[in-house]
Amino acid sequence: MTKQRQSADFQKKYPNSKKDNKENSLSIAPQESMPERDCPLCPRLASLRHDLQKEHPDWFNAPVPPFGDDDPWLAIVGLAPGMKGANRTGRPFTGDFAGILLYETLLKYGLATGHYQADINDGLKLKGTVVLNSVRCLPPQNKPTTQEMVTCRPFFLGAMAHYPHLKVILALGHIAHQTILRAFGITLSSMPFKHGAAYQLSPEIQLVDSYHCSRYNQNTRRLTEDMFQDVFAKIIECRGNDDQK
Ligand code: SF4
């Protein structure tokens with residue numbers, strides 16, 4: 001797809017995405033979806049990456065690309081790579097605790113085939129689904145700053161621009177929810193984060209919220225396996241029955 005065509009399609013699908021607003025200091029436009037491997041745009045994250053490249057030269061240690069179907073109807077959005085998960089393996093949610101529940105649930109709902117073995121060579125394939133993070137690089141303490149989220153947003157938008165048949169976006173956690181709303185130019189107060197809630201983001205796309213499937217949320221039972229499965233049942237319902245792949 002040419003950049004001009006990609007940009008035109010993107011603006012048609014996300015008509016509010018160019019609006020500047022008080023929460024968004026970056027003029028949003030679709031960019032190439034993949035940052036360079038040694039992206040320097042967030043100095044704090046680049047510095048951590050350089051330290052880890054020396055400490056663990058066998059780890060991925062780079063911006064983590066989306067994983068899944070090239071033409072998805074479902075996008076699952078997390079916050080950022082975990083140190084020993086995606087930052088180590090190079091695939092979102094792969095190798096950390098959260099990935100077990102996420103990928104096992106995708107397998108259960110027919111949104112993936114194969115077996116999840118916490119290894120990028122496990123042969124797992126996603127069906128109609130892509131998994132990506134709103135921030136591509138590992139942040140210290142798993143907490144990107146607001147500026148880092150803003151800086152990485154064009155790459156998030158660039159990825160979304162490649163998915164013309166998206167129907168549902170699943171936000172894993174409050175911050176992913178906010179990133180998605182800002183990307184769509186929607187005020188945060190109009191669609192508050194609520195586990196299990198569904199919102200109409202655009203005529204074609206619905207947003208579904210879930211608590212993040214982190215170890216903490218699972219250990220405290222803020223998010224149980226049953227609750228997470230209910231979210232996926234809602235996602236399937238949101239997709240509707242008229243255009244199954
Ligand atoms: S988080 Fe995004 S913008 Fe920041 S350094 Fe990584 S790839 Fe670049």
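At-a-glance table
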| read-out | value |
| --- | --- |
| Cβ pairs under 8 Å, 6+ apart, first in the stretch 33-46 and closer than 21 Å to Lys143 by Cα, second basic (Lys, Arg) and not in a loop (DSSP other than H, G, I, E, B) | Asp38/Arg49 |
| Every residue from the stretch 164-183 that is under 18 Å from Pro35 (Cβ atoms) and either surrounded by fewer than 20 Cβ atoms within 10 Å (Cβ to Cβ) or of a type in the set (Ser, Thr, Tyr) (or both) | Thr179 |
| Residues that are among the aliphatic types (A, V, I, L, M), within 11 Å of the ligand (Cβ to nearest atom) and more than 19 Å from the chain's Cα centre (by Cα), drawn from the stretch 42-69 | Ala46, Leu48 |
| Residue list for the stretch 111-166, filter: at pLDDT below 95 and among the small types (Gly, Ala, Ser) | Ala118, Ser134, Gly158, Ala159, Ala161 |
| The lone exception for Ala161 - which of (1) without any contact (Cβ under 8 Å) to a residue 40 or more places away in the chain; (2) among the small types (Gly, Ala, Ser); (3) in contact with a Phe, Trp or Tyr (Cβ under 6 Å, 6 or more places away or on another chain) it fails | (1) |
| Qualifying positions in the stretch 154-173 - in a helix (DSSP H, G or I) and farther than 24 Å from Asn217 by Cβ | Pro154, Phe155, Leu157, Gly158, Ala159, Met160 |
| Scope the stretch 118-153; condition within 8 Å of the ligand (Cβ to nearest atom), in a helix (DSSP H, G or I) and not hydrophobic (A, V, I, L, M, F, W, C); matching residues | Glu148, Thr151 |
| Answer from His195, His162 - the residue that is within 15 Å of the chain's Cα centre (by Cα) and not β-branched (Val, Ile, Thr) | His162 |
| Lone unmet requirement of (1) in contact (Cβ under 8 Å) with a residue 60 or more places away in the chain; (2) crowded, with 23+ Cβ neighbours inside 10 Å; (3) among the hydroxyl-bearing types (Ser, Thr, Tyr) for Thr187 | (2) |
| Answer from Ser33, Ser27 - the residue that is in contact with a helix residue (DSSP H, G or I) (Cβ under 8 Å, 6 or more places away or on another chain), in a loop (DSSP other than H, G, I, E, B), modelled with pLDDT under 95 and small (Gly, Ala, Ser) | Ser33 |
| Number of positions in the stretch 154-184 that are within 18 Å of Val130 (Cα to Cα) and within 15 Å of the ligand (Cβ to nearest atom) | 10 |
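The values are calculated or read from the model by the stated rules, or taken from the named source; none is laboratory data. On a predicted model such as this, the values are computed, not experimentally measured, just so you know. Note that we place each Cβ from the backbone using ideal geometry, even for glycine, and neighbour counts take in every protein chain shown.
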